[in-house]
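Okay, structure first, notes after.
The values are calculated or read from the model by the stated rules, or taken from the named source; none is laboratory data. Computed from a prediction, not measured in an experiment: that's the story for all the values here. Note that each Cβ is placed from the backbone with ideal geometry, even for glycine, and that neighbours are counted across all protein chains shown.
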């Protein structure tokens, strides 16, 4: 969700490795072979990420809106307003949650903070599961 | 089909021989017969080399051929770590019990055929386990279930590293206490990040809120895990990759090696053993016995989170360097997929 490097950037990098391998003279060095294997791994993981991305973003947005419902504090209201946009992206959600947690008081119990943390934990679990999930149309 | 030979790069070979000769580790008649860049290394590039030493040849080995590793810090490397310091630490370790390769010369110039400074060391026998491969985790588990030679060595060498004379260690490695270590990695992370991550922000605050009472500083490996050890005949034959070493809190090594990632977790769980090698309680009890330093699980938990944040900062640096087109090394982009697992570990460590 809060991931740098876009799919086009990643695919361009994989393509460069394929091209370099095709252009290599003679046997590949250990390092070059590791580049090819890493490129393969990128494609596999990216496919898993893309397969689960929409559902993950929708779940995160809905869970956060639910956690923030009824909280009238300005940081919560601001986050809720931004999350109301169904098209809000994963990186933007990360920024909103980071701003929210930074603004909420650290001292003492805060049910909203606890709820947001629980969402972040489940998000991490779900993101890992998406990366590990079998891919549509083929085995991993 | 016979494997094709890798051509030896003449400029690199000449630089290697010159550096070894300057250190008295090669002779005028020495020749580089093999030189290949190896897979490993994020901030360092490693090359395997073979060099003849005709003066040292004997029956069955007329060329006196020996195997070496060249460790170079190329321009634009992932972390701004000091290769000279790493060389000094390797030199310090020559007289200590943990097995480390002897060093055979250091070239500090930035202008070299290796694209930066480099040093040469012996190539030790053995193989570094890859805990992200199930068969290799199974091999380590089999050791634990039988002789425990690897487990005993891993803990004994760690205790021995932490027992090295503090004065000599302080002269070789940069001093970094808990606060400076947290500052260092948070600074790297803040400078390199391309996106904001609320889990990481919270984790730094959590770690800072749990600063442990200080203990006597010592040499800290900084990247201590079975993947940075060589295994030969069921024993640890070498401890490598001292790039992140410091003079600081020994509990960092204990915490860092306890990361689930280092037990083979990636998108699915790895070994249930600590670092895929030993049961956690056994390892900590054994370390306490050998080192005389008690192990507090809560302090280890703090350092495990700090270790995760260090890895996060390093991976984030790789992503930044890749995004800025300062490297074409696709492993830097691949590192992006390590971050969700580290984020998951951090949420668990913080008890969310």
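With the requirement that a residue be in a helix (DSSP H, G or I), at the interface with chain A (Cβ under 8 Å from one of its Cβ atoms) and over 19 Å from the mean Cα position of the chain (by Cα), what does segment B:321-332 give you?
B:322, B:323, B:330
Among all residues of segment B:72-90, there is at least one that is within 22 Å of residue A:28 (Cβ to Cβ) and not in a loop (DSSP other than H, G, I, E, B).
Taken across segment A:34-53, residues that are at pLDDT below 95, surrounded by 14 or more Cβ atoms within 10 Å (Cβ to Cβ), at the interface with chain B (Cβ under 8 Å from one of its Cβ atoms) and in a loop (DSSP other than H, G, I, E, B) do not occur at all. Of all residues in segment A:80-94, those that are touching a residue at least 60 places away in the same chain (Cβ under 8 Å) have Cβ atoms under 7 Å from Cβ atoms of residues that are in a helix (DSSP H, G or I) and surrounded by 15 or more Cβ atoms within 10 Å (Cβ to Cβ), 6 or more apart or on another chain, in A:90/A:57; A:93/A:60; A:93/A:61; A:94/B:198. Counting the residues of segment A:101-132 that are more than 9 Å from chain B (Cβ to nearest Cβ) and within 12 Å of residue B:340 (Cβ to Cβ) gives 1.
The selection criterion, being in the same structural domain as residue B:150 (by TED's automatic domain parsing), farther than 29 Å from residue A:33 by Cβ, touching a residue at least 12 places away in the same chain (Cβ under 8 Å) and under 18 Å from the mean Cα position of the chain (by Cα), holds for residue B:274. In the condition set (1) at the interface with chain A (Cβ under 10 Å from one of its Cβ atoms); (2) modelled with pLDDT of 95 or more, residue B:313 is compliant with all but (1).
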